[in-house]
């Protein structure tokens, strides 16, 4: 019982130190720190932090691939501007008008994260890909495995 309490205190101390050293801004390196912290951990410990996976498949070697997908689509507002100019006097008039439409662009941000699990239910490999695989300290705290978080190379 005493050993379990000491492990919990150590884990809390490590994650607290990580938060102090790791930048608060969302970076790919912080995401990597979070994902890689799950290597050599039982898969059952992943689910309370990450929730249900989007998919699970059996690989040819008998291992399981547990995958999480996240995507967000953002559309910038469309703006229309009119520019009119006129010249002339009371006998002749010239009028020019220009309409400019801008914005309305749609961008999709994605991140796919995979955990390979062996037959003993241990996560043996992790990977991620996408243009939105970024994490801040809050994400590290809620999704990282505290006992394995390190502060080797945090970035801003």
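Which one of these is modelled with pLDDT of 95 or more and loosely packed, with under 11 Cβ neighbours inside 10 Å: 92, 44?
Going through 92, 44 in turn, just one is modelled with pLDDT of 95 or more and loosely packed, with under 11 Cβ neighbours inside 10 Å: 44.
Select from segment 33-58 the residues that are more than 13 Å from residue 125 (Cα to Cα) and assigned to a loop (DSSP other than H, G, I, E, B) and list them in ascending order.
46, 51, 52, 53, 54
From (1) more than 18 Å from the chain's Cα centre (by Cα); (2) closer than 26 Å to residue 149 by Cβ, pick out the condition that doesn't hold for residue 48.
Against the list (1) more than 18 Å from the chain's Cα centre (by Cα); (2) closer than 26 Å to residue 149 by Cβ, residue 48 comes up short only on (1).
Of the residues 97, 81, 127, which single one is part of a strand (DSSP E or B), surrounded by 10 or more Cβ atoms within 10 Å (Cβ to Cβ) and either on the phi < 0 side of the Ramachandran plot or at pLDDT below 85 (or both)? I'd like the intermediate steps shown before the answer.
Working: 97 fails: surrounded by 10 or more Cβ atoms within 10 Å (Cβ to Cβ); 81 fails: surrounded by 10 or more Cβ atoms within 10 Å (Cβ to Cβ).
Within the list 97, 81, 127, the selection yields 127.
The values are calculated or read from the model by the stated rules, or taken from the named source; none is laboratory data. These numbers were taken from a predicted model, which means no experiment stands behind them. When we count neighbours, we look across all protein chains shown, and the Cβ atoms used for this are built from the backbone with ideal geometry, even at glycine.
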